[in-house]
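A.B. asks: I have a structure I would like to understand better, so I am pasting it below and will then ask my questions one at a time.
The values are calculated or read from the model by the stated rules, or taken from the named source; none is laboratory data. Remember, it's a predicted structure, so these values are computed and weren't measured experimentally. FYI the Cβ positions are ideal-geometry reconstructions off the backbone, even for glycines, and counts take in every protein chain you see. These area figures cover heavy atoms from the full protein model, side chains too; ligands, DNA and RNA do not enter into them. Shrake-Rupley method; radii C 1.70, N 1.55, O 1.52, S 1.80 Å.
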Amino acid sequence: MLDLGRSFLASVARDPNAVALVDGDLQLTYAEWLPRVAALADGLHRVGLKKGDRLVTALQNTADAATLHWACQFTGVVIVPINWRVTPDELDFVLDDAEGTALVFDASSEDAVKGSLRAAGMPWISVEANCKDAIDIAELYQAQADAMPVAGPDDLSLMFYTSGTTAKPKGVPRRHQAERAAALAHVAQNLMPQGERTLGVMPLYHTMGVRSLLAVMLLGGRFVCLPRFDVKTALRLIEDHAISSLYLVPTLYHDMLAHEDFVTTDISSVRRLGFAGASMTDGLLRRLNVAFKPDLFVNHYGSSEVYTFSINQKASLKQGSAGRAGLNQHLRIVTVGSGDPRAEVSVGQEGEIIATLAGDEAFEGYWRRPESDAKALRDGWYFTGDLGRVDSDGDLFVTGRVDDMIISGGENVSPVEVESCLSLLPSVSECAVVGLPDERWGNVVTAFVRRSGPLTADEIDSHCQNSGLAGYKRPRRIIFVNDLPKSPVGKLLRRVLAAGKYNPETTDASAVEK
């Protein structure tokens, strides 16, 4: 199997004059990009980095960030991309845990770097940041070097860090062969043609962002950088560069549809829509399908550990379904808490989703976390911690997290099911459902609702009754809010609501018990 560096060389040979990378006014063909990748690879060696070293990066999506990713693939340096919103303490943890050798940052993460105790004493490389203690990345581009990859398919390509929602983040090391297999699957499962053009908006510290970068390279396509998501800029780039595929989280799609410029933007070039990272409500699915009329609408269900679990290529036709196992995957639904990959549940019954580790896209275990491996990896299977069920057609429905399940009065309630019901109300812009402590019920089903028009709690309750939602699943408490807490990539932070940590200043005063 090819490694990623040699895959890049093959793409340059196939499509040397195709535009590969766009960042503002900068536009590079594959033939123009390759010398910059080679020079930066040589620059990393001059800084003292060698094959197997971990290079921690805290960068927005720019041409330098994309070039650095490829330079690491050539040198065998393991890139460790983290959120550019990182705090000094979080940075200290990753630098210690990953045993980072050097650090790359830009203006967005400069304060965290300067406040980090662990970063002191190691080489710093800055990207458009005026820092006298750092080497300017522009200096590393000065050399003229041959593009000679030294990494092979079995070498580590990168190490993601999980979001750390309940504990310290975990390192997820991934090899070249797994990364390339995931990119090829992404191409196939999204029916991407040669010359695909995509908006590089999902961050390059996130598996979705990296997969977009790798996939378009394999196709001689164009990666259009968007350092920080802004709807107005995103719409302009879609029109200017005839973007052919969008791959976003649901929140960003929601914001795009809601923007005043959407109706005047030429979006006809967009033929493929994809989403991942969170479930999409039925209401948003319908609005997107009407607005874009895509040839393909893909619900991608996966993780940093195993890129693809399942794919639904007709998300708008079978709403809420995550489809069937991906090309490199085999899935099972097993009894929650059993830890046994043989304890499969019946069709229609809810259980924990597990994925085979024999797939080409799978990781092999967490970075120096034997206790996490023991919990999640069993007999060749990865226990995702996600709840799901398979219907009579064989299609998967992800119903939530094992830890998010609401137990109210002894009954199990899936937040996703209730949210999909609420989303069909025209005046519901966004919603989130959690269980909040209640003396009588243990937990009471609670809906946080962001309105786009006039709407009362009584109207919501009537809608739930008329929709056929079971009585015990109906929200007994409805809280109207101005916004919902989300992660940097737009994922709903349900745990913040459930833990009672949501900032009351962002909510309306109205909270209604039903």
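A.B. asks: Could you please give the count of residues in region 406-425 that are open to solvent by 20 Å² or more (accessible area, probe 1.4 Å) and in contact with a helix residue (DSSP H, G or I) (Cβ under 8 Å, 6 or more places away or on another chain)?
C.D. replies: 6
A.B. asks: Continuing with the same structure: Whether any residue in region 108-117 is at pLDDT 95 or above and closer than 18 Å to Phe160 by Cα is what I want to check.
C.D. replies: Looking for residues that are at pLDDT 95 or above and closer than 18 Å to Phe160 by Cα, one finds at least one in region 108-117, hence yes.
A.B. asks: Mind counting the residues in region 390-400 that are in contact (Cβ under 8 Å) with a residue 24 or more places away in the chain and surrounded by 19 or more Cβ atoms within 10 Å (Cβ to Cβ)?
C.D. replies: Count: 5.
A.B. asks: Then there's this: Six or more apart or on different chains, Cβ atoms under 7 Å: show the pairs whose first residue is in region 196-215 and under 16 Å from Ile267 (Cα atoms) and open to solvent by less than 10 Å² (accessible area, probe 1.4 Å) and whose second is among the polar types (S, T, N, Q) and at pLDDT 95 or above.
C.D. replies: Matching pairs, first to second residue: Glu196/Ser244; Glu196/Ser245; Thr198/Ser212; Thr198/Ser245.
A.B. asks: Being open to solvent by less than 30 Å² (accessible area, probe 1.4 Å), touching a residue at least 40 places away in the same chain (Cβ under 8 Å), over 21 Å from Gln177 (Cα atoms) and among the β-branched types (Val, Ile, Thr) narrows it down to one residue among Val22, Val37; which is it?
C.D. replies: So the residue among Val22, Val37 that is open to solvent by less than 30 Å² (accessible area, probe 1.4 Å), touching a residue at least 40 places away in the same chain (Cβ under 8 Å), over 21 Å from Gln177 (Cα atoms) and among the β-branched types (Val, Ile, Thr) is Val22.
A.B. asks: For region 323-348, which positions are at pLDDT below 95 and either among the hydrophobic types (A, V, I, L, M, F, W, C) or part of a strand (DSSP E or B) (or both)?
C.D. replies: Val336
A.B. asks: Oh, and also: Does Val77 satisfy the criteria of being open to solvent by less than 10 Å² (accessible area, probe 1.4 Å), at pLDDT 95 or above, touching a Leu at 6+ places or on another chain (Cβ under 7 Å) and under 24 Å from Asp146 (Cα atoms)?
C.D. replies: When the stated conditions are applied, Val77 passes them.
Listed here are the residues, each with its yes/no results for (1) modelled with pLDDT of 75 or more; (2) more than 25 Å from Tyr253 (Cα to Cα); (3) touching a strand residue (DSSP E or B) at 6+ places or on another chain (Cβ under 9 Å).
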{"position": "Arg440", "(1), (2), (3)": "no, yes, no"}
{"position": "Leu469", "(1), (2), (3)": "yes, yes, no"}
{"position": "Pro488", "(1), (2), (3)": "no, no, no"}
{"position": "Ser510", "(1), (2), (3)": "no, yes, yes"}
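A.B. asks: Which of the residues that make up region 374-389 are open to solvent by less than 40 Å² (accessible area, probe 1.4 Å) and charged (D, E, K, R)?
C.D. replies: Within region 374-389, just Asp386 meets the criteria.
A.B. asks: Which of (1) of a type in the set (S, T, N, Q); (2) surrounded by 22 or more Cβ atoms within 10 Å (Cβ to Cβ); (3) out of contact with any Phe, Trp or Tyr (no Cβ under 6 Å at 6 or more places or on another chain) is the odd one out, the single condition Gln319 does not satisfy?
C.D. replies: Here Gln319 clears every test but (2).
A.B. asks: Now a separate question. Filter region 457-479 down to residues that are in contact with a helix residue (DSSP H, G or I) (Cβ under 8 Å, 6 or more places away or on another chain) and hydrophobic (A, V, I, L, M, F, W, C) and give me whichever is farthest from Gly409 (Cα to Cα).
C.D. replies: Here the answer is Ile460.
A.B. asks: Turning to a different aspect of this structure: Checking the structure you have, find out if any residue of region 193-205 is in a helix (DSSP H, G or I) and not hydroxyl-bearing (Ser, Thr, Tyr).
C.D. replies: For region 193-205, residues in a helix (DSSP H, G or I) and not hydroxyl-bearing (Ser, Thr, Tyr): absent.
A.B. asks: For region 420-442, does any single residue satisfy the condition of being assigned to a strand (DSSP E or B), free of Cβ contacts under 8 Å to residues at least 60 places away in the same chain, among the basic types (Lys, Arg) and at negative phi?
C.D. replies: Checked region 420-442: no residue is assigned to a strand (DSSP E or B), free of Cβ contacts under 8 Å to residues at least 60 places away in the same chain, among the basic types (Lys, Arg) and at negative phi.
A.B. asks: Being assigned to a loop (DSSP other than H, G, I, E, B) and more than 19 Å from Ala343 (Cα to Cα) is the filter here; which residues of region 359-391 pass it?
C.D. replies: Gly359, Asp360, Glu361, Phe363, Glu364, Gly365, Tyr366, Trp367, Arg368, Arg369, listed by residue number.
A.B. asks: What pairs come out if I take residues in region 233-259 that are without any contact (Cβ under 8 Å) to a residue 24 or more places away in the chain and pair them with residues that are open to solvent by less than 10 Å² (accessible area, probe 1.4 Å) and not in a helix (DSSP H, G or I) whose C-beta lies under 7 Å away, six or more apart or interchain?
C.D. replies: Partner pairs satisfying both residue conditions: Thr233/Leu226.
A.B. asks: Here is a further query. Using the structure shown, decide if Leu204 is out of contact with any strand residue (DSSP E or B) (no Cβ under 8 Å at 6 or more places or on another chain) and closer than 19 Å to Gln73 by Cα.
C.D. replies: Spelling it out, it is not the case that Leu204 is out of contact with any strand residue (DSSP E or B) (no Cβ under 8 Å at 6 or more places or on another chain) and closer than 19 Å to Gln73 by Cα.
A.B. asks: Every residue in region 149-195 that is charged (D, E, K, R) and open to solvent by 70 Å² or more (accessible area, probe 1.4 Å), please.
C.D. replies: Asp154, Lys168, Arg175
A.B. asks: Give me a count of the residues in region 426-467 that are open to solvent by 20 Å² or more (accessible area, probe 1.4 Å) and in contact with a Cys (Cβ under 9 Å, 6 or more places away or on another chain).
C.D. replies: The number of residues fulfilling the criteria is 3.
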